[in-house]
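Please read through the structure below; I'll follow up with questions.
The values are calculated or read from the model by the stated rules, or taken from the named source; none is laboratory data. Here the structure is a predicted model, which is why all the values come from computation and not from measurement. Heads up, the Cβs are rebuilt from the backbone with ideal geometry, glycines too, and the neighbour counts pull from every protein chain shown. Protein only, heavy atoms only, side chains kept; ligands, DNA and RNA dropped before computing areas. Shrake-Rupley method; radii C 1.70, N 1.55, O 1.52, S 1.80 Å.
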Amino acid sequence: MKDTQPRTIYLKDYRAPEYLVDRTELTFDLDPYATLVKSRLSVRRNPDANGTDTLPALWLDGVDLELLSIAIDGELLPAHRYTEKPGGLLLNVDKSAFVLEVQTRIAPEANTSLEGLYLSNGMYCTQCEAEGFRKITFYPDRPDVMSVFTTTIVAPANYPVLLSNGNKIDSGTTADGRLTVTWEDPFAKPSYLFALVAGDLQFVEDRFVTCSGREVTLQLYTEPKNIGKCEHAMTSLKHSMKWDEEVYGREYDLDIFMIVAVDHFNMGAMENKGLNIFNSACVLASPETATDAAFQRIEAIVAHEYFHNWSGNRVTCRDWFQLSLKEGFTVFRDAEFSADMNSRAVKRIEDVTVLRTAQFAEDAGPMAHPVRPDSYMEISNFYTLTVYEKGAEVVRMIHTILGADGFRRGSDLYFERHDGQAVTCEDFIVAMEDANGADLQQFRRWYSQAGTPVLDVEDTYDMETQEYRLTIRQHTPDSPGQVDKLPLHIPVSIALLGRSGSALPLDSSGEVERVLHVTETCQEFVFGNIPERPLPSLLRGFSAPVKLRYGYSVEQLLFLMRHDSDPFNQWDAGQRLAFDALSSLQQAYRNGTELELPESLIDGLSAVLENTRLDPALVAKMLALPSAQELTEQGGEIDAPAIIAARNFVRDGVAKTLKPQFRARYEALNVQKPYCPTASDIAERSLKNTCLSYLCATGDQEMLALAEAQLARDDNMTDSAAALAALVEFGPADKAQAHLDAFYRQWQQDTQVVETWFGLQSSSPTFGTLDRVRALMQHSAFEFKNPNKVRAVIGGFAMRNFAQFHAPDGSGYAFLAEQVIALDKLNPQIAARIVTPLTRWRKYRAEQSTQIQAALKTVRDSGELSRDLYEVVSKSLA
Ligand code: PHE
Ligand code: ZN
């Protein structure tokens, strides 16, 4: 462990910057081991700093830099004028405005953290969010210092493509035959949005004419071998540009928009101004190589990064505590875009599933934090599901409260008022209030209180008075550092279903759906003129990120599955039914009593399976049992073996009992037609492959043969990967291995497919044993320095293979600890993320809990940890 503990940074300590940087001129002379970076900064005293008359010292962040020289107004600075400290430089200043020139040397080839300037397959690229720019040069690396950047890149002739933000203003060749290009970005921006790329790349080009008639050049750059995999991202980009004009009135502002695909990347993608950099897996696709899920993910991420041009770049964050200002808002924007492009209900179900499985767990774990955290040690650890997904839910609730038009008035005002500024979540809320004359005072607590609120709902009906009453209680559990939370303003969308299954009018206007504003700890809502005892459909569309409890009977849930006009709640009713059944089975398993198939669940699923009027994608979602991971969120101690036993029992029972129906729907959907990633085709494939998976779960030879035939047909990756996954999970191991080998031989040249192939094995609850996972790490295509490979193999095992990771001997935990320790030396961000499963030790039953905790202590005691890993490990053991 560290001798000196990393410092905690607090929101309450925020101070405006002492100095501003109006212009930033950079020159990069690229070399793998000795890149020379020259910067020329026009610095001036910030008039808004809480000033004294004497000029304070200027702090410049800098990490892993070799300082060559510093000059002020052309004069070299003697050593006594500055002090090098851990994390940066303190400069004595004697003028209120000056030009600062700094020269540093860096080694991109040695940079395995993938922050700052690094090499990926021989291509130079940068990643500066959140605090990577300080690994490039000494700079006030904070988002409230916004500057106009000019960037000159000098590189050997074998790097013909040299890119940076903004517009290209100059290019040429140096006397010694090297290439040089200069870019200028006219929009002032914080350093985290800086980007540079240099490589031997090819590009595809298109154009977009904006709503005001300006023509924008669109370019997508990749390594030459991937040039055939750009079309889908380009189409998605054009759709995003159009959508942002139509839905938010936002037009693109530069003459060129570029996207670059890189193989080594810590996250999904990055919204650098005019030069987005993407993880290859989040941008490259072709029907033969990418699954439907990948197509949709790419569409969403391209949109997300594009939307940041307004929600993030034109209006940016004052400090990193405000991260959700840009991320929550932008996730909400991309979710609505995806909903408009595809099935709205299915998109909502997918997002809520992520929230319930992973964000709720985060909110109940040792790293729980509010959407706007109030402290951190390492900001990289706060790019979380809470900031992103719960943050998006918070924005969605504002949308629900104000209505679509009111929300648009608010976003218009926000963009107009704060264009070119670095602002706070508070500024966003105030704009929403001001544009609507609304009061979001209590609503603000969503930004400052951590934890998932629980709503307990009860109802009564009085036949005499025809009155129906809903009583709603809210409670938010304590979380680290936060107790006794205040009631939140929670919008709860409801409808009341009558015996016929249709929603009853709630008033004389005939309105059948209403948003209840829950603001008190306990609150009653009364509905008059309700002619019969209704069945409530609660929290429709998941109108708030809460856990809602209501004592639905099995019959009521079956009724909602059949009749609720809100497809989200239709699905949710089925999930509740499955949850209840699986909980009872876990109990039975623990008691050693014989497990019995829950008839009602089978009936419900059978009806869904035979319902050909429902969207097939929704049917597929309704047929899917909650994942093992999701079942850990039921509350109470997690008993991994019981979860696995109960879930497998139900899955196998459903598969056997409904086999003829699964077979019939599979056959009906299994038609040959050219691949198209349209919503309706995607929907059909998803149902077809859900049926195939259940059919293979029976273990029947004939059913496995269906999967083999589908795999052999080989005309799109969605069907191939689904067939292969079913064969690997349910077929005999030797045959599975043979299919895997053949698949690898066919696709070994394609990085994205190889990643899918790795992930499919390591996450298989039957095939993905620890021994096989270790063997995969020895495979020639595995690369410890590539986050995608690490996520596929180690992450696939630790985060998506519940059964093997929780092997009773604790071997999975020890393995993860060992990998985390090794990863931390190379890439702290990845180490701090992949350790997550070990941080949940408190939630497990006695023996597992002790084993997990022991593994985490091994990490803690392994020597000096990065700040990233230290924060997560120490908070989890505290
Ligand atoms: N800002 C990026 C996004 O959400 C995420 C990111 C953060 C990427 C940090 C890289 C590093 O769009
Ligand atoms: Zn983002």
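Evaluate segment 119-131: report whether one residue or more is out of contact with any strand residue (DSSP E or B) (no Cβ under 8 Å at 6 or more places or on another chain), open to solvent by less than 40 Å² (accessible area, probe 1.4 Å) and under 30 Å from residue 48 (Cβ atoms).
yes
To continue, here is another question. When you go through 335, 339, 345 one by one, which is the residue that is among the small types (Gly, Ala, Ser), farther than 17 Å from residue 546 by Cβ and free of Cβ contacts under 8 Å to residues at least 12 places away in the same chain?
339
A further question follows. Look at residue 302 and say whether it is within 16 Å of ligand 2 (Cβ to nearest atom) and crowded, with 21+ Cβ neighbours inside 10 Å.
When the stated conditions are applied, residue 302 passes them.
Taking the stated definitions as given, is residue 360 within 16 Å of ligand 1 (Cβ to nearest atom) and either surrounded by fewer than 24 Cβ atoms within 10 Å (Cβ to Cβ) or not β-branched (Val, Ile, Thr) (or both)?
No: the conditions fail for residue 360.
Take residue 280 and decide whether it is out of contact with any Phe, Trp or Tyr (no Cβ under 6 Å at 6 or more places or on another chain) and either surrounded by 19 or more Cβ atoms within 10 Å (Cβ to Cβ) or within 20 Å of residue 205 (Cβ to Cβ) (or both).
Yes, satisfied.
Just to check your reading of the model, which residue among 350, 288 is part of a loop (DSSP other than H, G, I, E, B) and more than 15 Å from ligand 2 (Cβ to nearest atom)?
288
Something else: Scan segment 860-873 and give yes if some residue there is assigned to a helix (DSSP H, G or I), open to solvent by less than 30 Å² (accessible area, probe 1.4 Å), of a type in the set (Gly, Ala, Ser) and within 22 Å of residue 480 (Cβ to Cβ), otherwise no.
No, that holds for no residue.
So which residues in segment 825-840 are buried (at least 18 other Cβ atoms within 10 Å of the Cβ) and charged (D, E, K, R)?
833, 840
Something else: List the strands (runs of 3 or more DSSP E) inside segment 434-508, counting only whole elements, that have at least 3 residues being open to solvent by 10 Å² or more (accessible area, probe 1.4 Å), farther than 30 Å from residue 408 by Cα and of a type in the set (D, E, K, R).
454-462, 467-475
Here's a follow-up. Among the residues of segment 317-332 satisfying the criterion of being out of contact with any helix residue (DSSP H, G or I) (no Cβ under 7 Å at 6 or more places or on another chain) and away from ligand 1 (no atom under 11 Å from the Cβ), which is nearest to residue 422 (Cα to Cα)?
Restricting to residues being out of contact with any helix residue (DSSP H, G or I) (no Cβ under 7 Å at 6 or more places or on another chain) and away from ligand 1 (no atom under 11 Å from the Cβ), the top hit is 318.
Here's something else I'd like to know. Within the set of pairs 6+ apart or on separate chains, which have a first residue in segment 265-284 that is of a type outside the set (A, V, I, L, M, F, W, C), a second that is part of a loop (DSSP other than H, G, I, E, B) and away from ligand 2 (no atom under 13 Å from the Cβ), and C-beta atoms under 6 Å apart?
Correct list of pairs: 266/114; 272/195; 273/165; 274/165; 274/166; 274/254; 279/265; 280/263.
Tell me, which residue of segment 229-273 that is within 16 Å of ligand 2 (Cβ to nearest atom) and assigned to a loop (DSSP other than H, G, I, E, B) is most open to solvent (accessible area, probe 1.4 Å)?
Looking at the filtered set, the residue picked out is 267.
If the Cβ limit is 6 Å and pairs must be 6+ apart or interchain, which residue in segment 382-400 that is closer than 25 Å to residue 438 by Cα and open to solvent by 10 Å² or more (accessible area, probe 1.4 Å) pairs with which residue that is more than 12 Å from ligand 1 (Cβ to nearest atom) and of a type in the set (Ser, Thr, Tyr)?
Pairs found: 400/543.
Right, here's the next one. Take segment 748-762 and flag every residue that is open to solvent by 40 Å² or more (accessible area, probe 1.4 Å) and not β-branched (Val, Ile, Thr).
Within segment 748-762, 748, 749 meet the criteria.
Here's a follow-up. Name the residue, out of 330, 316, that is within 16 Å of ligand 2 (Cβ to nearest atom) and not in a helix (DSSP H, G or I).
One residue alone meets the criteria, 316.
As an exercise: evaluate residue 293 against (1) in a loop (DSSP other than H, G, I, E, B); (2) surrounded by fewer than 24 Cβ atoms within 10 Å (Cβ to Cβ); (3) more than 15 Å from ligand 1 (Cβ to nearest atom) and give the number of the one condition it does not meet.
The single condition residue 293 does not satisfy is (1).
Tell me yes or no: at least one residue of segment 366-375 is hydroxyl-bearing (Ser, Thr, Tyr), crowded, with 21+ Cβ neighbours inside 10 Å and more than 13 Å from ligand 2 (Cβ to nearest atom).
no
A quick yes/no check of all residues on (1) aliphatic (A, V, I, L, M); (2) surrounded by fewer than 21 Cβ atoms within 10 Å (Cβ to Cβ); (3) at pLDDT below 95:
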{"position": "812", "(1), (2), (3)": "no, no, no"}
{"position": "816", "(1), (2), (3)": "yes, no, no"}
{"position": "820", "(1), (2), (3)": "yes, no, no"}
{"position": "823", "(1), (2), (3)": "yes, no, no"}
{"position": "842", "(1), (2), (3)": "no, yes, no"}
{"position": "856", "(1), (2), (3)": "yes, no, no"}
{"position": "878", "(1), (2), (3)": "yes, yes, no"}
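If we keep just the residues of segment 722-747 that are over 21 Å from residue 695 (Cβ atoms) and surrounded by 15 or more Cβ atoms within 10 Å (Cβ to Cβ), which is farthest from the chain's Cα centre (by Cα)?
The qualifying residue farthest from the chain's Cα centre (by Cα) is 737.
Inspect all residues belonging to segment 141-148 and state whether any of them is part of a loop (DSSP other than H, G, I, E, B), within 16 Å of ligand 1 (Cβ to nearest atom), open to solvent by 60 Å² or more (accessible area, probe 1.4 Å) and not small (Gly, Ala, Ser).
Yes, the conditions are met somewhere in segment 141-148.
Here is a yes/no grid of residues against (1) under 17 Å from residue 135 (Cα atoms); (2) assigned to a loop (DSSP other than H, G, I, E, B):
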site: 70; (1), (2): yes, no
site: 80; (1), (2): no, no
site: 94; (1), (2): no, yes
site: 98; (1), (2): no, no
site: 102; (1), (2): yes, no
site: 114; (1), (2): yes, yes
site: 117; (1), (2): yes, no
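Could we say that residue 137 is part of a loop (DSSP other than H, G, I, E, B) and open to solvent by 10 Å² or more (accessible area, probe 1.4 Å) here?
no
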